Structures are given as C-alpha cells and as structure tokens.
Amino acid sequence: MTALFSDLTGYTRLTKKLDPEEVKAITSRIFDGVRNVINKYEGFIERFEGDGFLALFGVPKAHEDDTIRAIRAAFEIHGLVDALSPKFKSKVGRDLSMHSGINTGLAVTADANPAKGTYGITGDAINVAARLSDLATSGMILVGSETHRAAQRHFTFRPYKAKDQPFPVYQLIAERTVESGASHKIQVFSEMVGRDQELARLESQIHKAIKGKGSVVNIFGEPGIGKSRLLAELRKKDIIKQVTLLEGRSISIGENLSYHPIIDLFKHWFQITEDDTTAVASDKLEMAVRRVCGDDADDVFPFVATLMGMKLSGRHTKRVENIEGEALEKLIFKNVRQLLIRSAELIPIVIVMEDLHWADITSLELIEPLFRLTLTHSIVFINLFRPGYWKTDDCKVETLPQWLPEIDFVELPMKPLDKQAAEILVNNIMQVEGMRHSIKQQIVDRTGGNPYFIEEVVRALIDDKAIVRTNAGLRVTERIDSAVIPPTINDVLMARIDRLDEGTRELVKIASVIGRRFFDRIIKDVTDSIENVDDRLTYLKDVQIIRDRIRMQELEYLFKHALAQEVVYASTLIEQRKELHLKVAQSIERLFSERLHEFFGTLAFHYSKAGAIEKAEEYMMKAGDEALRSSASSEAL
C-alpha cells in the first residue's frame, strides 16, 4: 500500500493565536476538502490527528496505480489549502499550507475494524511516511524510494538531503508528460509480436465500414496483454486515412465521473484542450457541430454541451430550460446519436472506447444503444476492456451477441503470447552483451507471455543496474541474479486479486502456498472450509488467473503467471503461510500415500517452510535416495 501523511504547517502557532472553536472551524473546512479528495481517488482515511491525517491507498482494495493516486491526492490537497488560505490569513496572520510524506511498501493490518473507521495498519512503510512528513517543510511533498521508483515516469523529482536522514528521500516537483524526461533513460521497445491476425481482422472490419457495413468489435484481455498496442498499430495503417477515428478513454477513477469517456472522445474529436478557456472550448464545440449538422446545429449543440458540462448562454440556454432528469438524458442521447449519424454520412466513423471496464454506468447506458447504429450506418465501434470486471446486470457489452444478435459482432480475445512469440519479444528488447539464455528463458516463463510484464521486468533490470549502457552498447552486471519483481507488476496483480470476493481471494492465497502448480484434489482438501470451490476455480479460469491441464493422471491447475503466484504468496502473513504449508504437506501424505515417492521433494519443501524441521529432513533424505536410484547425483546432493 501507499501511505500519505499530511500536516498543516504552523498549526501550533494557530492554536496559540486563535480560540479553539476558530481553530476547529478552519481545520474542519480543510478536512472536509481532504475527505472529498481522498474519496475521489478511492483511498481510505485511517485517522485524523489534530493538524494532519493519514490516508492509505491500496487498503482495503488495491489498484494498479495506488502510488499515482496518492501523489495526485497530495497535489490536490496542497492546492486546496493554498486556495483556502486567503480566507483565513487575516485571522491566522500568515499563509496556510500543508507538508506531506508519501511512502510505498508492505504493511500489516493489525486489528482491522473498518466499521470503526480504522484498518490498524502498522509497519515500516507507515513509519517512513510519517518521518517524511516531519522532514518536509511548508508546501513540500517528500516521497520514499519505492514511491519514487513507481512514479518516476509520471512525475519529476529531485533528491532531497536532510540532517540525520537514514534512507533515500525525493522531493516531488511536478507531473510530467509521458515524453518528458524519458530521453535519458534506456528505452525498452520492440516491434509488435504475435498479433498479426488480430490486426488484420480490425482492418477488415474498417474496410467493411468504408463499403457501408458497420460492426461492433470487442477486444478483451488481461492487463498488459497488448490491447492498446494493437490499437496503436492500427492507427499507423493507411486505411485509417479513409475514416474519422474517434477515441475516448476511461480512467481508473472513472466509475465516479459521469460521461467521462464520452467527454474525452468529444474533446479529442473537436480538439478541445485543457488550456482552453470555457468560451474557447464552447466555440470549438459549436463550430464543429455546425460543420457536421448544418441547420440542425442549434438543436444538437446545447445537449452535447450539457453532457460535457459546459455553461450555455443566450438562445442555447432556452433550448434546455426546465428540462431535467430522465427527459434530459433522453434528449442528450437523441442528439449525440444525431451527431454521429450526420458525421457518418460524410465519412465512415471508427469509435474506439479504451479501458471501458472503468467506465461509469451513465456512459455505458449511453453507448450500448448506439451500437444499433451499425445496422444502418458506416460506423465501427471498437471496445477495449478487461474480462471479469462487470456483473451482467451492470453492463451488456460482454454479452452483446445475446441481446443484439442482428449486428455484425466480432470478438477478439487477446491471449498471452505463445512461447516462441514471447522469446522473440524478449530478444527484440534485450539485445544485451553477456545476457545468458537461461535468464531470457526465466523472464519468458515467469511472465506467462504477457508483453507488459516482459517489458516491466526488463525496465526493472535497468533500474536495478542489472543492465547498464556502455560505449559498446548494453551489458549485464553481477546484479542480474538478485533483481526483484517490479512494483508496477505487483500493483497490477494485486489489483486483480483484490477484485475477487473474499472466498475466492482466500482460495488463491492457499493455492499460492501450494505453488505455481496445484492438484485439484489437494486444493479441495486444504480448502475444506471454503464453499463452492469448483465454481470459484472455474471463475479464476474465466478471468485468466489460472488454467488447467491433466498431469500424472490428475487434474492440475497452474497460475498463468509465476509472478502472480509470487505476489499473492508474498502478501500472505508469515504465520498463516506456515500453517498452510503444514496443511498442504499433510494433505499430500494422506491423498497420495500409495505413490508418495513422487512427492518426496515437494513434501520436504512444504515441511521446511512450515518449520517442521524433522519431517523436512526425513523427506529430504528420501528425495535424495529416490534421485540416486535414477542416477541423478546432483539432484541427490
């Protein structure tokens, strides 16, 4: 998790100068704003303490960008207090400001009691965040090394030196664009690998639209599997010059932001930027609508502008006057539909909705009926999303063929790269002197063919100085064997696990203790207290966390990524791990008593991890004897 400690600068002076009621009025106003900001980024306020607070990101639910959320929340809170400061300056006698510390790491929930508003979080990660807040001066945000590492591609930092500072500290400077600051880094890049068929299918659907036949394409797959990269390659194709490409993207906090992907699409379409004033943005929108809709623009523009949150004036205000609720929603839908129809009559449209799994319900309710336009107009909808995010009563995008069978519907499930394609990708991005084939193979095996995971592992090797640049090119250093899982992958995987219900999450934890591979009989024996295990295992297969196969005449499951098993295992408390290792060992002895010789090494491992030293030694000796029988002397040793 990421902890944000933030304090009001000069609080002691405030309490000495003002009446306690006045102090409370000021801090209450500030902390009301703090609550809104923390809620916006789906953090949790662990406690308020006089002049400050502790907020947690990643508890109770992990997100893949918790570190980024914490930093953005800190920025907004500092800005909030700066904006409020002039109102209180005459009373306080000085400007008000915050100073904050942010740190990322593992922590333990002690006496978790969310009903009372606390998770009882303890650990060094929390202590370091508090220390960083103490080190920070007025208006300053300081972060620890893990926070810096996870966020350095999104924000600019500079090293911060203070007296008696026992660990690396970085001062947050500003948010950066993706491009800025990247030139000095070793770049990780490869041509797209293993997606030629999917790309050809997308081109085919667009070609149909040019000839007058619309369609809906669902591209879905786990995080990092290459959905956005596939779209990036599509943009480069010549066929895109023959259509209008409209793109909208949901964001990870978008479930609470009405119409966000639709607004994003319109802003890109009409070239409205964040720097535009309200008047300029409104003018751009009106001109574009008029260009597309002609004489109907006066009807269409007010409702599209209302959807985008723009303030209307003059005759446009009268057009929406006294219309609200369901009637307003219907008119917004009608006019968005009209805008798309008129545009498609001029030139075929390709509408891309990225990260649709994060979209708000209002956006989905607007988008879904628009799919019918593909029956009569040259429009292609391309929806990119992750599986397993929606309940069927919340959204129909995943079940499109059932509720709208007459449309031309294409499903493009994005699978992990096969071993050959994954090896090509690793070779493309790791043309490094001295890189052993075994290390490349380990990267392929652990990442399970996920392109993003492969790239992040390589980036981590670079960040850890396991790969360095020399005059002759890139080369490997002695650190190559001690590199750890990148925190970015950890966050992605934990976010997926935390989306599971409690019973399924517990099942995954137990499976991680058994290992990357686990037999059906063993998992069911060890998880005897969890209901509907078969259904839960089926669901885990559906959302691509595990897969199954037959091995040794037994049904066996595998974590799709070794990294997933490692991350879940690391998140399990040590004492719970020991208990589970013991249960697993005892289960193997009981269930496979007639062929126990096949499991001597496995039993030695589990008893060792359980702290049962005598049993571990017994099975180590048996495993050694068994290895000698097959002349495997090194294994025997």
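Give me the number: length gained by fully extending Arg436 to Arg517, i.e. 0.36 nm times residue separation minus the C-alpha to C-alpha distance, one decimal in nm. Intermediate results must be reported in sequence, preceding the final value.
On the way: separation 81, 0.36 × 81 = 29.16 nm, distance 2.60 nm.
Between Arg436 and Arg517, full extension yields an extra 26.6 nm.
Just to confirm a number: summing +1 for Lys and Arg and -1 for Asp and Glu over residues other than Asn36 whose beta-carbon lies under 12 angstrom from that of Asn36, what do you get? Before the final figure, lay out the partial values.
Working: positive: Arg29, Arg35, Lys40; negative: Asp32, Glu76.
Here the charged neighbours net out to +1.
Could you please report the charge total around Val567, scoring K, R as +1 and D, E as -1 over all other residues with beta-carbon less than 10 angstrom from its beta-carbon? Walk me through the numbers on the way to the answer.
Details: positive: Arg496; negative: Asp491, Glu566.
Charge balance in the 10 Å sphere: -1.
One-quarter of the Cα convex hull surface for the range 462-505, in nm²?
Working: hull surface 16.3 nm².
For the range 462-505, averaging the hull's shadow over all directions gives 4.1 nm².
Ignoring any ligand, DNA or RNA, what whole percent of the accessible area of the chain comes from carbon and sulfur when the probe is 1.4 angstrom? Don't jump to the answer; show the numbers that get you there.
On the way: 15110 of 30970 Å².
Carbon with sulfur: 49 percent of the solvent-accessible area.
Taking N as the number of residues in the chain, what is its alpha-carbon radius of gyration divided by 2.2 N^0.38 Å?
Values: Rg = 28.2 Å, N = 637, 2.2 N^0.38 = 25.6 Å.
In units of the 2.2 N^0.38 Å rule of thumb, it is 1.10.
Could you name the lysines in cross-link range of Lys524, using Cα to Cα under 18 Å and dropping any fewer than eight places away on the same chain?
The reachable lysines, counting only those whose Cα sits under 18 Å from Lys524, are Lys509, Lys541, Lys583.
Share of antiparallel DSSP beta bridges in the chain, in percent to the nearest 5?
Details: 41 of 67 bridges.
The antiparallel proportion sits near 60 percent.
Tell me what the chain gives for mean residue ellipticity at 222 nm when only DSSP H runs of n ≥ 4 count, each as -39,500 (n - 2.57), the sum divided by the residue total, rounded to 500 deg cm²/dmol.
Details: 26 runs with 312 residues, N = 637.
Calculated from helices alone, the mean residue ellipticity at 222 nm is -15000 deg cm²/dmol.
Run down the lysines and flag those whose C-alpha is under 18 Å from the C-alpha of Lys267, throwing out any fewer than 8 positions away in its chain.
Lys284, Lys311
How much accessible area per residue does the chain have, counting only protein heavy atoms and a probe of 1.4 Å, in square angstrom?
Details: 30970 Å² over 637 residues.
Each residue of the chain exposes 49 Å² on average to a 1.4 Å probe.
Using alpha-carbon positions, what is the distance between the centroids of the range 291-311 and the range 616-635, in Å?
Answer, in whole Å: 77.
What pairs from Lys61/Lys578; Lys465/Lys609; Lys17/Lys163; Lys236/Lys415; Lys440/Lys465 go past 28 Å between their alpha carbons?
On the way: Lys61/Lys578 25 Å; Lys465/Lys609 31 Å; Lys17/Lys163 30 Å; Lys236/Lys415 22 Å; Lys440/Lys465 17 Å.
Among Lys61/Lys578; Lys465/Lys609; Lys17/Lys163; Lys236/Lys415; Lys440/Lys465, the Cα-Cα distance tops 28 Å for Lys465/Lys609; Lys17/Lys163.
For the range 1-133, place one equal point scatterer on every Cα, skip the solvent, and apply the Debye formula. What is log10 of I(q)/I(0) at q = 0.10, 0.11, 0.13 Å⁻¹?
Each listed q maps to, in turn, -0.32, -0.39, -0.53.
With every protein chain left in place and a probe of 1.4 Å, what is the accessible surface of Leu56, to the nearest 10 Å²?
0
How many nm is it between the label spots at Ile239 and Leu637, if each spot is 7 Å from the Cα in line with the beta carbon?
5.9
The values are calculated or read from the model by the stated rules, or taken from the named source; none is laboratory data. All values derive from a computational prediction rather than experimental measurement. Neighbour counts run over all protein chains shown; Cβ positions are idealised from the backbone, glycine included. With ligands, DNA and RNA removed, areas are computed over all heavy atoms of the protein, side chains included. Shrake-Rupley method; radii C 1.70, N 1.55, O 1.52, S 1.80 Å.
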